[in-house]
């Protein structure tokens, strides 16, 4: 792996131990929570991220991890459903008054 940005998904994260793995096309990459932005909270399975890698012994470690907006059809549909549910709830609560 070179010093360029990669993309992948959080494969697993152990909150007690503070580390996890990112699944990328190039292979699985280790990460530590200290390399994840604190403002984003804890990573969740299948969150999309972009990151750089460094050599860590005989393996690679992800650093400079940043979340990436999921632009898949499934994510877009979930966003639309959430927005429609919110609008519907607001309209119904106004009708009840």
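With the structure loaded, tell me whether residue 16 is loosely packed, with under 13 Cβ neighbours inside 10 Å, assigned to a loop (DSSP other than H, G, I, E, B) and modelled with pLDDT of 90 or more or whether it fails that test.
Criteria met by residue 16.
Among the residues of segment 56-71, what is the count of those that are out of contact with any helix residue (DSSP H, G or I) (no Cβ under 8 Å at 6 or more places or on another chain) and surrounded by 10 or more Cβ atoms within 10 Å (Cβ to Cβ)?
Number satisfying all stated conditions: 6.
From the residues in segment 1-13 that are in contact with a strand residue (DSSP E or B) (Cβ under 6 Å, 6 or more places away or on another chain) and not in a strand (DSSP E or B), which one is nearest to residue 49 (Cα to Cα)?
If we take residues in segment 1-13 being in contact with a strand residue (DSSP E or B) (Cβ under 6 Å, 6 or more places away or on another chain) and not in a strand (DSSP E or B), then 5 is nearest to residue 49 (Cα to Cα).
The values are calculated or read from the model by the stated rules, or taken from the named source; none is laboratory data. What you see is a predicted model; the values in this text were computed from it and never measured. Using ideal geometry, Cβ is built from the backbone for each residue, glycine included, and neighbour counts are taken over all protein chains shown.
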